[in-house]
1. Over its Cα atoms, what ratio of radius of gyration to 2.2 N^0.38 Å does the stretch B:74-132 give?
2. Give the distance, in whole Å, between the Cα centre of the stretch A:188-243 and the Cα centre of the stretch A:34-109.
3. In debye, nearest 20, what is the charge dipole magnitude of the protein assembly as shown about its Cα centre with +1 on Lys and Arg Cβ and -1 on Asp and Glu Cβ, if you could check?
4. Within chain A, which is the longest segment that contains none of the GluC sites (Glu not before Pro) sitting in a DSSP loop with at most 11 other Cβ atoms within 10 Å?
5. Can you pull out the trypsin sites (Lys or Arg not before Pro) in the stretch B:145-232 that DSSP calls coil and that have at most 11 other Cβ atoms within 10 Å?
6. Give, in whole angstrom and from largest to smallest, the semi-axes √(5λ) of the equivalent ellipsoid of chain B, with λ running over the eigenvalues of the Cα gyration tensor.
7. Given points 7 Å out from each Cα along the Cα-Cβ axis, report the B:D258 to B:A162 separation in nanometres with one decimal.
8. Excluding ligands and nucleic acids, what accessible area in Å² is computed for B:H7 using a 1.4 Å probe, to the nearest 10?
Amino acid sequence: MKLELQKLNVKSLKFGDKTGFSDGVLAINKAELIALISEDPMLGKNIDADIAMPGESVRIMPVKDVIEPRWKIEGKGQVFPGMLSDVETVGEGKTLVLSGCAVLTAGKLVRFQEGIIDMSGPGADYTPYSKTCNVVLILEPSDPNMDKHDYETACRMAGLKAAAYLAKSCSGLQADSTEVYEMPKIRDAMNSYPELPKVGYIYMLQTQGLLHDTYLYGVDVKRILPTLISPLEVMDGAIVSGNCVSACDKNSTYSHLNNPVISDMLKRHGKDFNFVACIVTNENVTLADKRRSSSYATKLAAMLGLDGVVITEEGFGNPDADLIMNCRKSEQLGIKTALLTDEYAGQDGASQSLADSCPEGDACVTAGNANEVIKLPAMKKVIGYQEEANVIAGGWQGSLSDDGSITVELQAITGATSELGYTKLGAYTL
Amino acid sequence: MAFRIVHYINQFYAGIGGEEKADYKPEIRTGVVGPGMAFKGALKGEAEIVATVICGDSYFASNMDEAASAIIDMIREYKPDAFIAGPAFNAGRYGTACGAMCEAVSKEFGIPVISGMYPENPGVEMYRKHAWIVETPDSAAGMRKAVPAMAKLVLKLLKGEAVGRPSDEGYIERGIRKNMFYEKLAAERCVDMFVSKLKGETFETEYKMPVFDRVDPQPAVKDMKNAVIALVTSGGICPKGNPDHIEASSASKFGEYDITGVNDLTSETYCTAHGGYDATYADQDADRVLPVDVLRDLEKEGVIGKLHNKFYTTVGNGTSVANAKRFGAEIVNRLVNDGVTAVILTST
């Protein structure tokens, strides 16, 4: 399996007559973009699009998802299979990437579970999406009493459509850079690098309902048994986020497409270990599901004869139980583990950081304490609805001050404690 | 202008006497007393001990709350910027008093509080979360080592400088998690650690797995017919509109709501404040999380004595263990005072 990512480096955005890319500038025909999004009868009439650039005094909230524009220009299937396009398997051929650009879905709250992105100031240091040139969709439901699941679906689809549309509109150009990824058949992988340990990645996906769901080829991941996936399929959008609750540690679609654990493991493949397989699994709410999925995911790792796995969690609290089951069961099968999680140690950092633990979890990296409080100074421009700071997860009544500053826990900032490890944040013990 | 420090010492270091004077009642003196002299040099004029509190170890141990509040009142007029207690080395009662005073002062004035103890001093385990405790030798012979280390740390805290790791700064690990930006992405750090573990090399985990309190389930209720049963939930069920603004995550409070005459929770009257699960079904029918309807049936059928007329609710989502413990203790007190004999706890 071979995938070529052809990257156009987006350095600036502007609205213009024709959507296209030239000299680092992505021009967007706003009317065309809005018309495309408005095709969905679930969305209201007051849909808008805006632009937010790194360093600007702009606040975007409440943010639901972040998506990198991609479009397949060669090979089977199309990006975001089973969601936007047919269910055909992806991960081969050539895919165009608008690197440095992101589509943000914002607008009316689905339920007080969405995030904040500041493009400058102290908040910008915590979110990876203050460094991207952002095309922001401001959305609302066509009926204010619409079922929340339906509105969430409409927002999610709008983001995917916009991302695909932007990339598609730029196809046919010479790429600024090209990255080639190749994954051998498992049979061949098993025979490569006999001197190196065989390793895998257990990729945990949040699957607990509204704003807690993830999709694999369009399938709601809470309904799957753990399964194998190629990292190349992930790069083509096989995994799509439907969740942003406590936005700090939910994996945006953007972070799936650019999963830094996968990219680091690919980099070290053939040197430090033989990266053989990626296993996706879920984080369901019932104990039976947790036990079934952790047993099945670790069984797959054992069937493949893996010597070690990296395990990333998505979310906190309840999914800590899934993380610990995956860790303990792997280690009991003789498979060494390293864990990537984040912490909820209280605003003062003095409480336990996880809701479950096991002695086998002796190699644990964390993306920081999400309860830590930050003051976000007022921004000149707000895209969306700032008053939601008082109700979103991580905020409280009074989070938004009269002067426009917002005092919240880091958990309200999109991607701040990414458990795919997409930020440099961490914690240490005083 | 130099920062203002109040210093706490016991009767022995004040030169009043040993065990025979350990019941000495708290007093405050302007300026330095005893080991305060050594601090004076170590603080290099950047901070000054403006007053010294003296209290007998036995007196403090026997009258902790009273002594602490009396001392707080004595300190107030000196407007301290920081508080130093001890060093107490391996003296158990003195260490405990130093720790307790640090906690009280920190709570009251929100200023840096610092002590010095030998790691095995019982005051360490009791108060390390509440105070910076510099590691000292086990006896007063180590004064010359303890004082400069404590002075250095207190100056750092007073100037608002970032405090490094325990091993670098010489204090005993407090168990408090503090964020920092690392050089590498968390993903790269994780793969680095993974490789070290695979190769059998030494590595340092970024977070040592916590050890939890385990609470044994209580024995079954034998006499259900006379039981007064209360409902308590971490699922966030509250009157519609969340009148007390319980946070969607990281709750700072719980709610107490009267359900006298309420037989059924409906979407018009109740909802959830919780921001950590798919709340659609709880908002449609809050009985799904807080089963008032079923308990009313059981009450009518005489299976239970009665359903308590108040329920307690908070949001478990991202809420610290410390807050949860505090809510639990307070709720239990109210339930016991109201004559409740059994509780159904529901979570989500």
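The values are calculated or read from the model by the stated rules, or taken from the named source; none is laboratory data. This structure is a prediction, so every number in the text was calculated from the model and none was measured. Virtual Cβ from ideal backbone geometry, glycine too; neighbours counted across all protein chains shown. Note: accessible area is taken over every heavy atom of the protein model, side chains too, but ligands, DNA and RNA are not part of it. Shrake-Rupley method; radii C 1.70, N 1.55, O 1.52, S 1.80 Å.
1. Details: Rg = 10.9 Å, N = 59, 2.2 N^0.38 = 10.4 Å.
For the stretch B:74-132, the normalised Cα radius of gyration is 1.05.
2. Cα centroid of the stretch A:188-243 versus Cα centroid of the stretch A:34-109: 21 Å apart.
3. Values: 79 positive and 103 negative charges, 260 e Å.
It works out to roughly 1240 debye.
4. Values: sites that count: A:E39, A:E195.
Looking at chain A, A:196-430 is the longest stretch - no exposed GluC sites (Glu not before Pro) with at most 11 other Cβ atoms within 10 Å.
5. On the way: sites: B:K145, B:K152, B:K156, B:K159, B:R174, B:R177, B:K178, B:K184, B:R189, B:K197, B:K199, B:K208, B:R214, B:K222, B:K225; in loops: B:K159, B:R174, B:K184, B:K208, B:R214, B:K222.
Those satisfying the criteria are B:K159, B:R214, B:K222.
6. Numbers: eigenvalues 465, 154, 71 Å².
Ellipsoid semi-axes (Å, largest first): 48, 28, 19.
7. Each label point is offset 7 Å from its Cα along the Cβ direction, giving 5.3 nm.
8. Rounded to the nearest 10, that gives 0 Å².
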